[in-house]
Every structure is written in C-alpha cells, then in structure tokens.
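Presented below is the structure to which this report refers.
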Amino acid sequence: VDKLKEMMEEVENAINAFKEEQRQIYEQLLKEEKTVINELSVFERKVELWALGSSTTEKVLKLPSARVVVDKTLENHLPEGVVEFERFLQQTGGRQGGWDDYDHQNFLKVWTKHKGRLSYMDEALEYLCGRTKEDIEQHDKWYQEFLILHERKKESIKKWKEKQQQEKEGKLKEKEKSEKMFKEEWLQREEARKQKAEEERKRQQAAIEAWKKQKAIAFAMEQASQIKLEEEKEKKQRKEHQRQRRVKLLLERYTLQKKEREELEKLEKEKIEEAEKGQRKRIAAEEITKFQER
C-alpha cells in the first residue's frame, strides 16, 4: 500500500510539473496577446489624438516629409486591415480626412441625411462655407474609402481575434494532447516498471522457495543423521547396559559361588577339625586306658 501511495504521488508530481510548465507557456502567450492588444489600442489612440489636431497640423500633414510611417514592429504584430486603415489615416489627415471637426461633422450630418446620394451636394455647400465642390467631392471620396477601410479593419480585427482564439484553443488542445501523451507514456513506463518489478519479485520468490527447500532438505538430512546418531548411541548404551548387567550377574554369581565355596571349605575345615578333635580324644582315651592297664 505504501509503495502504491508513493507511486501515485510520483505520478501526481510529474503531472503537476508538466501542467505548471504548460501554464507558464500559456500565460506567456496571453501576455504577448495582451501586449499586442495594448499596442493596438495605444496606436489607435495616438491616431485619434493626432486627427484632432489644428488646421495647421492638417497643412503640415499634407507635406510628404511630415507623414508618419507606421512602426515596422507594430506592422509585424497588427492585423493587415488595421495597418492598412491606420496608414490611410496617417496619409490622409486622420479620422476627419484633414478637415477640422466643425466642417467634418457638418459633412457627416448632410451625408448621412442623404444616405450618401449625390443630392446632398447642394445642401453640403450651404453648410460648408469656404469649401468648394471639388473639396467636398474629394472629401466624399475619402470618406467612402474611410468607411471601406474601417469595415475592413473591423473584419480584420474580428478575424485576428478569431485566429488568436483558434491558436489559443489549438495550444490548449495541444497542451491537453501533450498531457495525455505524457500521462500515457508515464503509465506505460510505470506498467513496464511494475511488470519488471513483478518479474523480479517472482524471481526472488522462486529463489527464496528454492533456498527454503534446500534448507528443509538439509534440515531433514541433519535431523535424520541426528536421529541415527541418537539411535546408535542408544543402541550402544543398551549394549553397554546389557554387558554391565551380564558382568554384574557374573560377578554376583562368582561372589555367591565364592561364598558357597568358602562356606563349604569352612564346613570341611570344621569337619576335619572335629574329626581331628575326635581322633585326639580317642587316642587320649586309648592312652588313658593303656595307662590304667599298667
């Protein structure tokens, strides 16, 4: 259980490390996207502020030497429609086409009222004192191009955002795919490691079983040898006891026979002594008798 827990902790740590790495990459992409959006907003703001300049600025902007060139770094980051629109504004006097705010707003009022039809020209000339028909026609041409490019800009930004979203989703899918592949590869390696560990465990278990079997055989042989030695020892002891018992019996028999022999010898000696004593008494009696007869 502890080994399984340790293994799961290793899996979790590896996946967390991989996720952290992918998270940092994702955050970096978000940061870059935010930077580009901020640059775009700043650039648009600069153009708007620049477009609100005075008529003196308008005149200066008409000079080729005074035209602002779109920064190459921004061109590399901004959508093509945005760059085209901003370049158009820079080259034509900003969001009012080089006109001041009063004239441009009056132009828009009349142009919108007539929905861009040519019938607006007479009324526009009344509102725009100091502007010739050629000025208004040129501004009309500029404004129509402005609307077209502005629409392209919005569409370009929309596509750019969709592309960014697709790239983001693609990176997320790639991240998920990488995580899945990483997890699958890790699980495969872990499964191979577990299989190898299981094979090693079985090999060690087989070796232990063989060792136990050998130990059991050796122990059985030792026990058999010990039993045999004990049996031989017991047999020798029985033989020794039997020998000692026979010796004891022989000794007891010898002692008994010796005692009997000694008793017989004593009886014989007593008989001899008794006979000798009787013989002496008889001789003495005969001598006494002989002496009395004299």
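Remark: for residue pairs K133/K163; K31/K141; K213/K233; K215/K239, the C-alpha separation exceeds 32 Å in K133/K163; K31/K141; K215/K239.
Against the longest principal axis of the chain, how steep is helix 2-51, in degrees 0 to 90 to the nearest 10, with axes from Cα atoms? Helix 2-51 sits at roughly 10 degrees to that axis. For L128, the amide hydrogen comes within under 5 Å of no other amide hydrogen, counting only partners 5 or more places away or on other chains and with H modelled in the peptide plane.
Debye-formula intensities of region 107-170, expressed as log10 I(q)/I(0) at q = 0.18, 0.22, 0.26 Å⁻¹, are -0.67, -0.86, -1.04 (one equal scatterer per alpha-carbon, no solvent).
For the set K34/K153; K34/K175; K19/K196; K259/K281; K269/K290, the pairs lying more than 24 angstrom apart at their alpha carbons are K19/K196; K259/K281; K269/K290. For the chain, the alpha carbon convex hull comes to 257 Å³ per residue, rounded to a whole number.
Of the residues Q105, G116, S225, the one whose Cα sits farthest toward the positive end of the charge dipole of the chain, with +1 on the Cβ of Lys and Arg and -1 on the Cβ of Asp and Glu, is S225. Each residue of region 253-264 is assigned a 3J(HN,Hα), and the resulting list reads 5, 4, 4, 5, 4, 5, 5, 4, 5, 5, 5, 5 Hz, derived from the Karplus form 6.51 cos²θ - 1.76 cosθ + 1.60 (θ = phi - 60°), x at Gly and Pro. How high is the relative contact order of region 100-161, given as a whole-number percent (alpha carbon pairs under 8 Å, six or more residues apart)? Relative contact order of region 100-161: 21 percent.
Net charge of the neighbourhood of E191, taken over other residues with C-beta under 11 Å away and scored Lys/Arg +1, Asp/Glu -1, is 0. Within a straight-line Cα-Cα reach of under 19 Å, K183 can be paired with the following aspartates and glutamates, leaving aside sequence neighbours fewer than 8 residues apart in one chain: E6, E9, E10, E12, E20, E21, E174, E191. The fraction of all Cα pairs in region 111-216 landing in successive 10 Å bins from 0 to the largest distance is 11, 17, 12, 10, 9, 9, 8, 7, 6, 5, 4, 3, 0, given as whole percents.
Which whole-number percent gives the relative contact order of the chain, counting Cα pairs below 8 Å spaced six or more residues apart?
15
Phi angles of region 206-222 translate, via the Karplus equation with coefficients 6.51, -1.76, 1.60 and θ = phi - 60°, into HN-Hα couplings of 5, 5, 5, 4, 4, 5, 4, 5, 4, 5, 5, 5, 4, 5, 4, 5, 5 Hz per residue; Gly and Pro are given as x.
Bear in mind that the values in this text are calculations on the coordinates, not laboratory data. All values reported here derive from a predicted model rather than from experimental measurement. All Cβ positions, glycine included, derive from the backbone under ideal geometry; neighbour counts span all protein chains shown.
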